[in-house]
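A quick write-up on the structure given underneath.
The values are calculated or read from the model by the stated rules, or taken from the named source; none is laboratory data. Computed from a predicted model, the values in this text were never measured in an experiment. Counting neighbours? That spans all protein chains shown, and the Cβs are built from the backbone with ideal geometry, glycine included. Side chains are part of the model used for accessible areas, which takes the heavy atoms of the whole protein and leaves out ligands, DNA and RNA. Shrake-Rupley method; radii C 1.70, N 1.55, O 1.52, S 1.80 Å.
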Amino acid sequence: PISSIIHLHDPNSPTKPETHTYLIYFITGNPGLIEYYRTFLTHLYGLLYPCHNIQVFGRNLSGFETNSSPSIKPSENFTSHTLHLGEKEGAPPYGLEEQIRHCQLALEDLVAGLRTPAEDVRVILIGHSVGSYILLELIRRLRLQTATSQDNPSTEIRVAGGICLFPTVAHIAQSSSGKKSTWILNHAPFALTASVLVKVLMLFVPGMLLEFFIRSLMSFPGDAARVTGAFVKSSWGVRQALHMARDEMLTITSDKWDAEIWGAAHPTEHPHPRPVLRFLFAKEDHWVADETRDDLMRARGKVDDDEHWKPVMEVDEEEGWPHGFCIKHSIPVAERVKDYIEDVIRKDIE
């Protein structure tokens, strides 16, 4: 079965050196099926669990539920209303703003369930592709919420760090794929028309045959082919992906965040330290224009050791990891991300 949630944790975890639980909260790209990332998240958890009090959590973006998803039973630390966030927003498809709100509600719900009087919870966000945009917006909104709250620490969420993988955080329409798709995505009926055509075609294609075609034509491994097949056959998946892609083209334009997110030489007046940010770009990425990436790195990234407050932005020059790393490159990317998380935790406890 295709799950809508991945939650990796040990309820009988032995005591580790930290006095906090670190919740690694993963935000998918588009299409937003968390099962694409199971190998990545499982390997990352295995690398970090021996040394740290951690939990790893990820969920489908709203509207990407598959027909084969089992009825999800919330864990003891995850209340049921989070599983039906879309009920408050009406039926799919959902735009980018709604996805951000849903991610924030899910995160707040999860942290509230994990926090105890004896143990604090600190969050490390990981976002892939558009998930990186959602990540930066979550940090901004959570910090604003904490700064304007009425001295109620029990509702505050402290984000220790954010890790942006192959991030589409600015001018996505200027990428090679953005230029090719914007003109057709801008036609409002396209998402509905395309989804209806796909549904009609899928009536004549059994699931196993569809997976075979995906493996053969796209060279996907079996697990990714299974998830893709479930996505294509789902009630809303294709329309949701196209609707959200159109919204991304219209919304993800110029850099919209200030020093409270990007960092500054002067200390923050906020109750929480600014989060540690790490960026990993591909050398060639069809969803991130080279000029966009280079401009962002020059404007916001750390250039020398004196700029210790700036995000470390790295371009993969050697491995050749693609934008869709979760299809075939989950293990090596998880090993790189493990080092990023170790750095975040080290800085958080200093």
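Which value in nm describes the separation of the simple spin-label points at ASP295 and LEU197, placed 7 Å from the Cα toward the beta carbon?
Output for this residue pair reads 3.3 nm.
Return the whole-Å distance between the Cα centroid of the stretch 266-316 and the Cα centroid of the stretch 184-259.
Taking the Cα centre of each part, the stretch 266-316 and the stretch 184-259 sit 30 Å apart.
Taking amide H atoms as placed 1.01 Å from N in the peptide plane, list the residues 5 or more away in sequence, or in a different chain, whose amide H sits under 5 Å from that of HIS171.
Here THR253, SER254 satisfy the definition.
With the cut-off at 31 Å, tell me which of the pairs LYS199/LYS283; LYS310/LYS338; LYS180/LYS233; LYS179/LYS338; LYS179/LYS256 have Cα atoms farther apart than that.
Correct reply: LYS199/LYS283; LYS179/LYS338.
Tell me the Kirkwood hydrodynamic radius of the stretch 133-275 in angstroms, computed as one over the mean inverse distance between distinct C-alpha pairs.
Here the Kirkwood hydrodynamic radius works out to 18.6 Å.
When the accessible area of the chain is computed with all protein chains present and a 1.4 Å probe, what percentage of it is carbon and sulfur?
56 percent
If you stretched the chain out fully between ILE184 and MET218, how much longer would it get, using 0.36 nm times the residue separation minus the C-alpha to C-alpha distance?
Computed gain between ILE184 and MET218 is 9.9 nm.
If you restrict to DSSP beta bridges whose two residues both lie in the chain, what percentage is antiparallel, to the nearest 5?
Percent antiparallel among DSSP bridges in the chain is about 15.
For the residue pair SER176 and GLU319, what label-to-label distance in nm results when each label sits 7 Å from Cα along the Cα-to-beta-carbon direction?
For SER176 paired with GLU319, the spin-label model returns 2.1 nm.
Take the Cα pairs of the chain, get the Kirkwood Rh, then feed it into Stokes-Einstein at 4 °C and 1.567 mPa s and tell me D in µm²/s.
Reported coefficient: 62 µm²/s.
Quick one: Karplus J couplings for the stretch 162-169, per residue in order, coefficients 6.51, -1.76, 1.60, θ = phi - 60°, nearest Hz, x for Gly and Pro?
Rounded to whole hertz, the list is x, 10, 10, 9, 6, x, 10, 10.
For the chain, what is the accessible area per residue in Å², given a 1.4 Å probe and the full set of protein chains?
Using a 1.4 Å probe on heavy atoms only, each residue of the chain averages 46 Å².
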